[in-house]
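Nothing in this text is a laboratory measurement; each read-out follows from the coordinates by a stated rule. Keep in mind that this is a model prediction, so the values were computed, not measured. A quick note on method: Cβ atoms are made from the backbone with ideal geometry, for glycine too, and the neighbour counts reach across all protein chains shown.
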């Protein structure tokens, strides 16, 4: 019988190199989550009091120092009691039924009135699995130190190597994502402004317009990046893409490894490798787990998915097992950290923490521990209330919230969901072999561990997602009450998919000694052949580059730097000089507004927050920040004309754009190399740069319009013919 000192039958197990690496890894994970939680609290305190940026940084550092003193004994990240069980066996019926359901969800488009019937089948299979697990009987567990002693130095080193490889992949993989127009631009604004944190729009205005995103609790990760960038020799874009991204990619690997160890996986290192390699091959869908792994790991939602979610699963199941206050505190910190990373944490965080705690608390016969997880989730309730009363929503809408909820409960509409649950599955997992592997792992991972508590934990995720969130009409109710139609697919994030896939692929098979190595290799090679790796150019043009580059369109990001430098002295001087346009500067002070193709505009808004672009993301040309004077249609028409050289919307609207917006500098996309004129000075149809700029109205109507509005050619690079307003 194990005692609290870490003894098994009186024999101490000394911590070896593997145990020390595992313990250090766990400490780092909890320290990062705790630091993010502390910053979330400091950020919102600063918002309430108007505290300036640097004051918030000082307060955060003081909080971290105090926390470090409180945990100086080094046991903050020491893992909880992992199961290594003796629970009874499980018959094949529930497993086979789960595989059949997985195949159906992966291949069949079950929608309309067919979904309620399919959902009943899914619930029945989950109930069958739950019954099989419970009848298997309770398990006994090893102690902390016994489990740590089982971690070999070679295995722990192999996980560290994998973490480093994940970090390197995040550095060399470029897959631009337009969410960065909001995300990284906000960091850039905080970097450039030392006052209070921004509450309104920073993309098109200097906090004059309403913010583009819904009125929910603002996230704190972007201000943190901007605050740190202001005190470091790198900009916020470089810190996001080349600092935060590799850090989170590596920590995501370590978080999966810890969860696998806590679940009693007999080969956690191999399972970690298998689950991580699956992510590398999971690039078919934009919303896939793989694309959040390294392709977007600098974004707050990716930090939440790859780091915080497995942390909540780990500490939630540990809280249910032993009721430790330490796990309660870190679980609560994970909830707070999540609220600073993504608004989706308001429903995902408590779903994970409560489900994990409930699974092991019920197994241990201590249901009261579930209440502790509910208490730790209270901040998400406050975040939800904030979203209901935040500007610009009206209080009468809040008062009618209960009525809207009741109105949403229409049996006919609930059965025929407006937001199809299968469509949400497709958005994340896709359809085909990769979806079969992922969904089959989600539904059968519980069957490959030996401990009843671990089995219940692995069943809790599918029960919450498929039994609750995917119930007929549930997504519609969430949309009616909380306008959640754009994010309900993120309910799939409740599932710890990398750990589940690793568990299933690396599980031992009775009578097949080499199965733990052969099965992962065969499955992963198969996915490589028929699937879409995240580094494939079919994955939204992803590419591998060296040296590491910012995750912005290439070569448009180089043109964006020149465009910024032309209108803002002191910024990107070297890029302007390399383009041979040192003497081509804007005369006098301008509006610090530039225009170009959308990819160039995108890069401009990410690289800085002082020079703004007319249209960095077309979807942002609509919303509550858009009014008549915003000239949304004109912005779209000008962007299109500069990108294609064709006046698709007519010349009148482009003229209105140039008159009303009056950008200081313009990038007109040049022709492809095979279309360029033989004259070395030619840059676009009928246009040349020289002492006498030759402009043929019949050759390039866009250039003629620019010239007619007082713009003069300033130079060119591989992407742009640059014009400056005279």
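The packing ranking of peptides 359-367, 661-669, highest mean first, is 661-669, 359-367, where packing means the average number of other beta carbon atoms within 10 angstrom of each residue. FRET efficiency for the pair residue 525 and residue 622, taken as 1/(1 + (r/R0)^6) with r the Cβ-Cβ distance and R0 = 56 Å, rounds to 0.80. Inter-part distance, segment 233-273 to segment 416-469, computed on C-alpha centroids, equals 22 Å. Here each label is just a point 7 Å from Cα along the line to Cβ, and for residue 72 and residue 540 those points are 4.6 nm apart. Averaging the Cα positions of each part gives two centres, and for segment 514-559 and segment 596-634 these lie 30 Å apart. On the basis of the beta-carbon distance and an R0 of 30 Å, residue 374 and residue 103 show a calculated FRET efficiency of 0.25. Find how much the distance from residue 718 to residue 231 grows on full extension, using 0.36 nm per residue of separation minus their present alpha carbon separation; answer in nm with one decimal. Taking 0.36 nm per residue and subtracting the Cα distance, the gain is 171.9 nm.
With the cut-off at 1.5 for a/c, could you classify segment 154-248 from its C-alpha gyration tensor as rounded, prolate or oblate? Prolate, because a/c is 1.5 or more and a/b exceeds b/c. Between residue 427 and residue 514, the contour length at 0.36 nm per residue exceeds the alpha carbon distance by 27.8 nm. Modelled spin-label separation between residue 164 and residue 662, with each label point placed 7 Å from Cα along the Cα-to-Cβ direction: 5.7 nm. Subtracting the Cα-Cα distance of residue 286 and residue 325 from 0.36 nm times their residue separation leaves 10.2 nm of extension gain. As a calculated quantity, the FRET efficiency between residue 128 and residue 571 at R0 = 51 Å, using C-beta atoms, amounts to about 0.20.
Model label sites at residue 157 and residue 199, defined 7 Å from Cα along the beta-carbon direction, differ in position by 5.6 nm.
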